[in-house]
Amino acid sequence: MNLIFCSSHIRKHVTLCLKRTYSTIEIKRQQAFQGGGKEKQHAQHNKGKLTARERLTLLLDTNSFREYDTFVEHQCHDFGMQDKKYAGDGVVTGHGTIHGRRVFVYSQDFTVLGGSLSKSNAQKILKIMDQAMAVRAPIIGLQDSGGARIQEGVDSLAGYADIFQKNVLASGVIPQLSLIMGPCAGGAVYSPALTDFTFMVRNTSHMFVTGPDVVKAVTNENVSQETLGGAKTHTTKSGVAHNDFANDIEGLQGMRDLFGYLPLHNQDSIPTLPCDDPIDRADQALDTIIPSDPFKAYDMREVVDRIVDSHSFFEIAPKFAQNIIVGFGRLGGQSIGVVANQPLISSGALDMDASVKAARFIRFCDAFNIPLVTLVDVPGFMPGTQQEHAGIIRHGAKLVYAYCEATVPKLTVITRKAYGGAYIVMSSKHLRGDYNVAWPSAEIAVMGAAGAADVVFRNHPDKKAMEQEYRNKFSTPLMAASRGYLDDIIEPRSTRTRLIEQLQLLKTKSIQNPWKKHGSIPL
Ligand code: HXC
């Protein structure tokens, strides 16, 4: 009897203890969900920003988020930090899905000590970077942080260093994406800079190596945060960020859209969606899109839109180096990377920014096996002392390097001009192009007829006649086709169908570059 009483007493006691423990855990969990507290969350909302958790809810599929390290706290005891502990320590980490596909995420919580990076906070990020690499899934970082946690000194610097190191090891293995949604200052900027694509939210996000106060102290310049490192600056001038968005919601939707084009890792198959745009759709408007006047511009963006699956083009860096267009699209449902000269801006000439923009995009596509479709209308590299003195040779070489190195299927359509070195560079047959075609309007020559006549016929008694002869010879794609440098001359309306056929054919393409530790790209 006594024994029975005793065991029921113990059971009750254990149950009570467990209940207490559960409620302590629950309280802690609820505290973590509150981040820095209601007041700080209001302040965040008043700035037009969502909280770290609200952002994850919008980024990921409903109920797909699984959080890690909710209970992690910092271990700092200096400067009164022992009294400033928050469950989760200013960053929310874990994994979830986007369109049903696995992704790892971290979201910095500005309401907790300004989202600053502590040793513990860095370890949370590093843990999910390791997991992302182990299971081969992309990682998205939502940045909103005052940078290294000042109270922790070198420990937080070490945290950043470890993140950089892992960013580099993951580069080319899994896609790494960054969305800047608040401050991102100091050395902290180099983690997003090492990732593949960086998006920013207008007005609320800023990136700079040194802020306005330091700039004033060192260079005596007065500059606002916005001018120094706002979304407009980085998407139009510096090229540090690729795309910008009006607010958090649009930025997160943009990330979801971009994610849909990318394989999960460098050995994954290319995402292919069901396609309701007929693969044999002939677009007659393309037959007349090239103006009869060779000096008149037209919008290459329209050409891209008419060729790819309807509404599938997602342009990357649309406001930077607008003389070249790069972005993801779909052909017959399959992701492709598009690179296209834009005759509307600087006649489509290649300058330094355009070369670097395209080279980086091409290398990303090649690393992740995304086929490249190149549309060519290029009068050459941009002349002038500004470009020469700033290194157009060095920067242009990056584009040459990227195309030469790429082993993915490379499909090229010359719509109009393909002159000089720029003809070679823009994924020509000579750089291992797999399918190189031209529209009847193509002109493939060392330079335009007038320029050529000025050089080689300047003393000729009938310079005009010679210029015309040069024009007749090279203002058609026939000469290049007769040498086999073009695989065909096609009707513009059939471009979509031809490209889709070739993509199917090239699915089993397999070529390897010679073994090397790594190349020495002219950086
Ligand atoms: C610790 C920080 C912090 C930091 C902000 N906070 N940054 N705590 N370390 N780096 C805290 C603030 O003390 C404040 O705490 C809370 O976060 C919100 O900050 P506010 O200043 O009130 O917010 P706001 O006015 O919006 O200004 C945001 C800010 C500013 C522009 C980011 O806080 C700022 O300038 N912070 C310092 C930025 C910086 O210099 N970081 C170091 C960069 S160097 P309370 O308790 O008052 O709410 C770096 C090196 C990396 O990161 C090296 C890698 C190699």
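For this structure, a couple of remarks:
- Test: residue 151 is in a helix (DSSP H, G or I) and modelled with pLDDT under 95: yes
- Any pair with Cβ under 9 angstrom, 6 or more apart, that starts in segment 369-388 at a residue that is within 10 Å of residue 419 (Cα to Cα) and ends at one that is open to solvent by 60 Å² or more (accessible area, probe 1.4 Å) and part of a loop (DSSP other than H, G, I, E, B): 379/447; 380/447
- Residues (outside any helix (DSSP H, G or I) and within 13 Å of the ligand (Cβ to nearest atom)) located in segment 95-131: 108, 109, 110, 111, 112, 116, 117, 118
- Taken over segment 51-72, the residue count meeting the criterion of being closer than 24 Å to residue 183 by Cα and either open to solvent by 60 Å² or more (accessible area, probe 1.4 Å) or at pLDDT below 95 (or both) is 3.
Condition check ((1) of a type outside the set (A, V, I, L, M, F, W, C); (2) touching a helix residue (DSSP H, G or I) at 6+ places or on another chain (Cβ under 7 Å)) across all residues:
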site	(1), (2)
302	yes, no
319	yes, yes
323	yes, yes
330	yes, no
334	yes, yes
350	no, yes
362	no, yes
375	no, yes
388	yes, no
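- Residue in segment 468-478 that is more than 26 Å from the chain's Cα centre (by Cα), surrounded by fewer than 19 Cβ atoms within 10 Å (Cβ to Cβ) and not in a helix (DSSP H, G or I) present: yes
- Residue match in segment 319-338 (condition: assigned to a loop (DSSP other than H, G, I, E, B), open to solvent by 10 Å² or more (accessible area, probe 1.4 Å) and free of Cβ contacts under 8 Å to residues at least 40 places away in the same chain): yes
- Segment 347-466 holds helices (runs of 4 or more DSSP H) entirely within its bounds, and those carrying 1 or more residues that are open to solvent by 50 Å² or more (accessible area, probe 1.4 Å) and farther than 20 Å from residue 328 by Cα map to 385-390, 392-405, 420-425, 449-456.
- For segment 171-184, filtering for residues that are buried (at least 20 other Cβ atoms within 10 Å of the Cβ) and over 15 Å from residue 95 (Cβ atoms) leaves 7.
- The strands (runs of 3 or more DSSP E) found wholly in segment 168-224 and carrying at least 3 residues that are within 10 Å of the ligand (Cβ to nearest atom) occupy 183-185.
- Answer residue from segment 76-94, given it is of a type in the set (D, E, K, R), open to solvent by 10 Å² or more (accessible area, probe 1.4 Å) and in a loop (DSSP other than H, G, I, E, B) and is farthest from residue 163 (Cα to Cα) among those: 84
- Once segment 225-273 is narrowed to residues that are outside any loop (DSSP other than H, G, I, E, B) and of a type in the set (A, V, I, L, M), the residue that is most open to solvent (accessible area, probe 1.4 Å) is 249.
- Scanning segment 142-167 for residues that are within 7 Å of the ligand (Cβ to nearest atom) and under 23 Å from residue 49 (Cα atoms) yields a total of 4.
- Of all residues in segment 128-166 being over 24 Å from residue 57 (Cα atoms) and charged (D, E, K, R), the one that is least open to solvent (accessible area, probe 1.4 Å): 149
- Matching residues, segment 36-50, being assigned to a loop (DSSP other than H, G, I, E, B) and open to solvent by 60 Å² or more (accessible area, probe 1.4 Å): 47
- Residue count for segment 95-127 satisfying the condition of being basic (Lys, Arg) and either open to solvent by less than 10 Å² (accessible area, probe 1.4 Å) or out of contact with any strand residue (DSSP E or B) (no Cβ under 9 Å at 6 or more places or on another chain) (or both): 3.
- Candidate set: segment 492-523, residues that are over 27 Å from the mean Cα position of the chain (by Cα) and open to solvent by less than 90 Å² (accessible area, probe 1.4 Å); chosen: the one nearest to residue 406 (Cα to Cα): 498
- Taking segment 327-386 as the range and being of a type outside the set (D, E, K, R), touching a Pro at 6+ places or on another chain (Cβ under 8 Å) and over 22 Å from residue 509 (Cα atoms) as the test, the residues that pass are 327, 347, 348, 349.
The values are calculated or read from the model by the stated rules, or taken from the named source; none is laboratory data. Note that the coordinates shown come from a computational prediction; the quantities given were computed from them, not determined experimentally. Counting neighbours? That spans all protein chains shown, and the Cβs are built from the backbone with ideal geometry, glycine included. With ligands, DNA and RNA removed, areas are computed over all heavy atoms of the protein, side chains included. Shrake-Rupley method; radii C 1.70, N 1.55, O 1.52, S 1.80 Å.
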